[in-house]
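Some notes on the structure that comes next.
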Amino acid sequence: MTRALAFRRKLLAWYDAHQRDLPWRRNRNPYNIWVSEIMLQQTRVAAMIEHYERFLRRFPTVEKLAAAREPSVLAAWSGLGYYRRARMLHAAAKVVVREKDATFPVTSAEWRELPGIGRYTAAAVACIAFAEPVAVVDGNVERVLQRAAGKTLSGESLWQAAEHLLDRKRPGDFNQAMMELGATVCTPRAPACLTCPVMELCATRGELPSSRKQIRQRKREIHFALDYRPDEGNGGSVFLVQRPQGAKLMAGMWELPEIPHPELSVRPAMTQPAFTLRHAITVTDYTVRVWRCEAPGQPGGRWIATRKLPKLAMTGLARKILQKAEILQERNAGHLK
Ligand code: SF4
């Protein structure tokens, strides 16, 4: 038996016995699989399941998603970050409905013609939903391939190595098994090699010596003004500002006004913030200090009734702050209509 064949058999037997029960694995619905693949980019499984289920309750079909207004889509995406993914998903849904009569592409080449679909996502959806025999390489697969081969691979050589190992009869299961192995056993730190189904075939059995410099997390402190009027309308209102439509990040999303120098701008003057929380975005760890004070006058600012907050397209950090301040109930945030 060749090494590739042995690898396939062992990996698929392990996957059949140990795969996680994830909502998008319960059927082969291409829409569900597509949404899950977009959400999983830059987000861990455990952190996205609740968002995924809420999003599908709100937009259960591609037709419903295509017909939605962008602010509703962004509001349902709130908490996942990287909002460009939501905008692209929405744009692609419109193409599927308006230009393809709500019929999904089948091959990975066809999927790549949709807005925001790259090589990885096209291959993942085509192999899982339509059993196209095409390999998938994400960060987890890359790690497994490199450790199994005992050498650093990059670019096209990674895709070739994945194609060589691919089980062409069960491509969807094989690719998901590779990703699952990387996520749960062959983890970035301290891989669980003793429980690994392909340990006998692995050239490394541990971490490959890293040739890259470790990316260091930056630390930053930021301050926000929480200006809340309990007596305005039903349940009060809070002052928020909208990010410019042309902003590079989270364009058009609502957030609390930032105060660069609280010692100068907090009115009435105070020495301590109301509370502090931590928030991490890619390579930056934020210490977020929230001051209950008058909001500084800012362009794009407006008083928003708190009953409107659950449907508002807010940044994840703004949602976190308002929940911590008990102005926005976590339960309400899940009832987007
Ligand atoms: S033996 Fe260890 S390093 Fe090799 S693939 Fe399995 S978990 Fe990863």
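The values are calculated or read from the model by the stated rules, or taken from the named source; none is laboratory data. All values derive from a computational prediction rather than experimental measurement. Using ideal geometry, Cβ is built from the backbone for each residue, glycine included, and neighbour counts are taken over all protein chains shown. Only protein heavy atoms, including side chains, enter the accessible area calculation; ligands, DNA and RNA are left aside. Shrake-Rupley method; radii C 1.70, N 1.55, O 1.52, S 1.80 Å.
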Given a 1.4 Å probe and the protein chains all in place, what does the accessible area of residue 164 round to, in Å² to the nearest 10?
120 Å²
Under 5 Å between amide hydrogens, which residues at least 5 positions from residue 314 or on another chain qualify, with H placed 1.01 Å from N in the peptide plane?
254
Report the relative contact order of the chain, percent, no decimals, based on alpha-carbon pairs under 8 angstrom and at least 6 residues apart.
17 percent
Below 8 Å between Cα atoms, with a sequence gap of 6+, how large is the relative contact order for region 115-225 in percent?
28 percent
Extended-chain gain in nm, criterion 0.36 nm per residue less alpha-carbon gap, residue 326 and residue 94:
79.9 nm
Residues whose modelled amide H sits under 5 Å from the amide H of residue 223, counting only those 5 or more places away in sequence or on another chain, are 259, 289
Tell me, what HN-Hα J-couplings in whole Hz come from the Karplus equation 6.51 cos²θ - 1.76 cosθ + 1.60 at θ = phi - 60° for each residue of region 87-95, using x for Gly and Pro?
5, 5, 4, 5, 4, 5, 4, 5, 5
Which pairs, out of 151/219; 100/308; 10/94; 248/324, put more than 30 Å between their alpha-carbon atoms?
151/219; 100/308; 10/94
Per the rule of 0.36 nm per residue minus the C-alpha distance, extending residue 276 to residue 20 adds in nm 88.6 nm
List the relative contact order of region 218-324 as a percent without decimals, with contacts defined as Cα pairs under 8 Å and 6+ residues apart.
38 percent
For the pair residue 231 and residue 208, what calculated FRET efficiency results from E = 1/(1 + (r/R0)^6), where r is the Cβ-Cβ distance and R0 = 56 Å, to the nearest 0.05?
0.35
The simple spin-label model distance between residue 49 and residue 107, using points 7 Å out along Cα→Cβ, in nm, is 3.7 nm
Calc'd 3J(HN,Hα), region 72-79, phi into Karplus 6.51 cos²θ - 1.76 cosθ + 1.60 (θ = phi - 60°), Hz, glycine/Pro = x, comes to 5, 5, 5, 5, 5, 7, 3, x
Summing -39500 (n - 2.57) over every DSSP H run of at least 4 in the chain, dividing by its residue total and rounding to the nearest 500, the 222 nm mean residue ellipticity is -12000 deg cm²/dmol
Among 193, 79, 153, whose Cα lies farthest out toward the positive end of the dipole of region 3-201, if unit charges sit on the beta carbon of Lys, Arg (+1) and Asp, Glu (-1)?
79
If amide H atoms are built 1.01 Å from N in the plane of the peptide, which residues on other chains or at least 5 residues away come under 5 Å of the amide H of residue 301?
242
Segment residue 294-residue 61, extension gain: residue separation times 0.36 nm, minus the distance between their alpha carbons
79.6 nm
Residue-wise, which Karplus ³J(HN,Hα) couplings in Hz belong to region 129-139, taking 6.51 cos²θ - 1.76 cosθ + 1.60, θ = phi - 60°, and x for glycine or proline?
7, 10, 6, 6, x, 9, 7, 10, 10, 10, x
